[in-house]
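Read the structure below first, then the notes.
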Amino acid sequence: MKRIFGLLHNLFHSFIEFLFPSSCPVCGAPVSTHGELCADCWTTFSWISNPKCIKCGYPFPANIDLGDRPLCPVCAAGDCVLDFIRAACVYDEVSRSVMLPFKHSGKIKYVRFMSRAMIWALRDMKDIPDIVMPVPLAWRRLCHRGYNQATLLAKPIAAAIGVKIDIDSVRRIYRPDMGHKNAVQRAENIKGVFKVVRPDKIRGRKILLVDDVMTTGATFAELKKVLMKAGASAVYGVVFCRVVRAI
Ligand SMILES: [Zn+2]
Ligand SMILES: [Zn+2]
């Protein structure tokens, strides 16, 4: 029965591919796998590879030899926002041009290549989390937007790791937009917006947070604070792109 179902599924998939040939979600060029970027678009992103900070993933210039376990000055000082952070690429014109429509204009067709790049970014994660948690969206925003972009990204990531996704243990209170605020204002604005409503699902767990972008790290820091208070044993994070400032 399982075989027949698999066959039907493949036939259906082939039929859909025949009707709608796969195309690059960014430029529309033909590609062999549905939802993947074409080679030209792929090269325009600033993908983060080694050398990078082993803790927060901060990228270092390629020509610097920092040994086997490089640490950025922030992590070396013990000030890392989370216990482990990875980002697929740097926040720049290119990543912003897919991230903003994905977040605000329903371009959810980008989810496949974005989530795959994030899974790739997690390849050196040694400590496997117990649950994957998208950064919660306030109900008011969810109703307005219709979806939480972080949840869309978190689903394939949780499936790839082989753990459950948690979307209801933490609620977020609505606050007006944080756009163009500095680090201090962002941290102030996010204070107290998260509330753990199912501490039983958090206690003793290692949690991997998922978001589309990391700007100052204020959202992750605040979420970690409430999760640790509720008894989480570790909090990690992964984003599609991160702002990289000179440190
Ligand atoms: Zn393309
Ligand atoms: Zn670091």
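Taken residue by residue, the range 51-61 has no member that is in contact (Cβ under 8 Å) with a residue 60 or more places away in the chain, among the basic types (Lys, Arg), more than 16 Å from ligand 1 (Cβ to nearest atom) and in contact with a helix residue (DSSP H, G or I) (Cβ under 9 Å, 6 or more places away or on another chain).
Going residue by residue through the range 141-157, is there one that turns out to be assigned by TED's automatic domain parsing to the domain that holds Lys109, touching a residue at least 60 places away in the same chain (Cβ under 8 Å) and under 18 Å from Leu227 (Cα atoms)? Write out each step before concluding.
Going through the range 141-157, the residues assigned by TED's automatic domain parsing to the domain that holds Lys109 turn out to be 141-157.
From what is left, the residues that are touching a residue at least 60 places away in the same chain (Cβ under 8 Å) are 149-150, 153, 157.
Adding the requirement that they be under 18 Å from Leu227 (Cα atoms) leaves 150.
Checked against the condition, which is being assigned by TED's automatic domain parsing to the domain that holds Lys109, touching a residue at least 60 places away in the same chain (Cβ under 8 Å) and under 18 Å from Leu227 (Cα atoms), the range 141-157 yields at least one hit.
Could you run through the range 160-216 and say how many residues are within 17 Å of Leu122 (Cα to Cα) and either of a type outside the set (A, V, I, L, M, F, W, C) or in contact with a Ser or Thr (Cβ under 9 Å, 6 or more places away or on another chain) (or both)? Lay out the reasoning, then the answer.
Taking the range 160-216 as the starting set, the residues that turn out to be within 17 Å of Leu122 (Cα to Cα) are 160-165, 206-214.
Applying the additional criterion that residues be either of a type outside the set (A, V, I, L, M, F, W, C) or in contact with a Ser or Thr (Cβ under 9 Å, 6 or more places away or on another chain) (or both) yields 160, 162, 164-165, 206-207, 209-213.
Residues meeting the conditions: 11.
Output yes when any residue across the range 89-107 is assigned to a strand (DSSP E or B) and under 24 Å from Pro134 (Cα atoms), and no when none is. For the range 89-107, residues assigned to a strand (DSSP E or B) and under 24 Å from Pro134 (Cα atoms): present. For the range 199-220, filtered to residues that are surrounded by 18 or more Cβ atoms within 10 Å (Cβ to Cβ) and part of a helix (DSSP H, G or I), the residue that is farthest from the chain's Cα centre (by Cα) is Lys201. With the condition kept exactly as written, say whether any residue in the range 179-191 is over 22 Å from Val244 (Cα atoms) and touching a residue at least 24 places away in the same chain (Cβ under 8 Å). There is at least one residue in the range 179-191 that is over 22 Å from Val244 (Cα atoms) and touching a residue at least 24 places away in the same chain (Cβ under 8 Å). Determine whether Gly67 is more than 17 Å from Ala117 (Cα to Cα) and within 12 Å of ligand 1 (Cβ to nearest atom). Spelling it out, it is not the case that Gly67 is more than 17 Å from Ala117 (Cα to Cα) and within 12 Å of ligand 1 (Cβ to nearest atom). Looking at the structure I just gave you, is Ala87 of a type in the set (A, V, I, L, M, F, W, C) and within 12 Å of ligand 2 (Cβ to nearest atom)? The answer is yes for Ala87.
When Cys72, Cys89 are checked against the criterion of being crowded, with 21+ Cβ neighbours inside 10 Å and touching a Cys at 6+ places or on another chain (Cβ under 7 Å), Cys89 stands alone in meeting it. Going through (1) modelled with pLDDT of 95 or more; (2) on the phi < 0 side of the Ramachandran plot one by one, Ile190 falls short only on (1).
The values are calculated or read from the model by the stated rules, or taken from the named source; none is laboratory data. Predicted model, so just to flag it, every value in this text is computed and none were measured. With ideal geometry, Cβ positions are generated from the backbone for all residues, glycine too; neighbour counts draw on all protein chains shown.
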